[in-house]
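Derivation of every value follows stated rules applied to the coordinates shown; laboratory data play no part. The structure presented is a predicted model; accordingly, all values stated were derived computationally and were not measured. Note that each Cβ is placed from the backbone with ideal geometry, even for glycine, and that neighbours are counted across all protein chains shown.
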Amino acid sequence: MTGPIDKVRARRSFDRAAPGYDAVAVLQREIGTRLLERLDYVRLAPKTILDLGCGTGQLIAPLQRRYPKARVVALDFAPAMLGLARRRGGWFNRPWCLCADAEALPLADGCVDLIVSNATLQWCNDLDATFRDWQRVLSPGGLLMFTSFGPDTLRELRAAWAQVDGYAHVSPFADLHDLGDGLVRARFADPVMDAERLTLTYPGARDLMRDLKVLGAHNAAAERPRGLTGPRRLAAVEAAYESHRREGRLPATYEVVYGHAWAPTQRPIEGGVAIPVSAIGGRARPSGA
């Protein structure tokens, strides 16, 4: 499990970050593009798409171009981010915007054909409950595609802080296997997981930390230190990070996890017997009932 994440702190951070987010969200934009490219190999004609954890809405226009007949619902828990996402798309094709938590979707059963979630899952505390809820809102045979960050993410920054104190200064991340197992427990069909490592480089450690602040990606771990970081500790972290310098630059590693899985074409009832779902958007009931 990734938790505990302080959701109040995370929401406030993203609200403050919204105006400058797109200027520094290079990595998020790149992995979002790579995620959508995987749809090239999927035969799907969704009527309703949920951009889950949409942020400023970077994926909305690409999704609309790919599926021009689909309705895009943009969901995020940070109102300021959602306000920017609302402006995406054409005048007659604005996304439907919904301010809500990715762990508790205020949506009817089976009302979505495709869920796309880019770099959001690491902000969820209960992976099992989250995956169950995502599966619930997918129509039978619907598709989930997501990215998240794995435990090697920001390993250099984590190691530098570990030399300074014993607190958690980097938010925790679930690994690929945990995410895959969670999909299985949520009864998704045919889950596929893979990962890659991407590296950004910076002139100094303070430049990396400044970008993280602008992104709103503050340390939101509940076990984070509560006091302000003094100049001495910050200087100590910068000195520790210097051991990673290569060719005049400091690396910041990101382990990017990709996953996709299908909602089952049948839903179980109490007792474990599978029955067809006779109407998209309705709860499971026996055929002919």
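Among the residues of the stretch 228-259, the ones that are of a type outside the set (F, W, Y) and assigned to a helix (DSSP H, G or I) come to 13 in all. For the condition more than 23 Å from T253 (Cα to Cα) and part of a loop (DSSP other than H, G, I, E, B), R88 qualifies. Consider the stretch 242-253 and keep the residues that are surrounded by fewer than 19 Cβ atoms within 10 Å (Cβ to Cβ) and in contact with a helix residue (DSSP H, G or I) (Cβ under 9 Å, 6 or more places away or on another chain). The one that is farthest from D211 (Cα to Cα) is S243. Look at G32 and say whether it is assigned to a loop (DSSP other than H, G, I, E, B) and either within 14 Å of the chain's Cα centre (by Cα) or crowded, with 16+ Cβ neighbours inside 10 Å (or both). No; evaluated as a whole, the condition is false for this residue.
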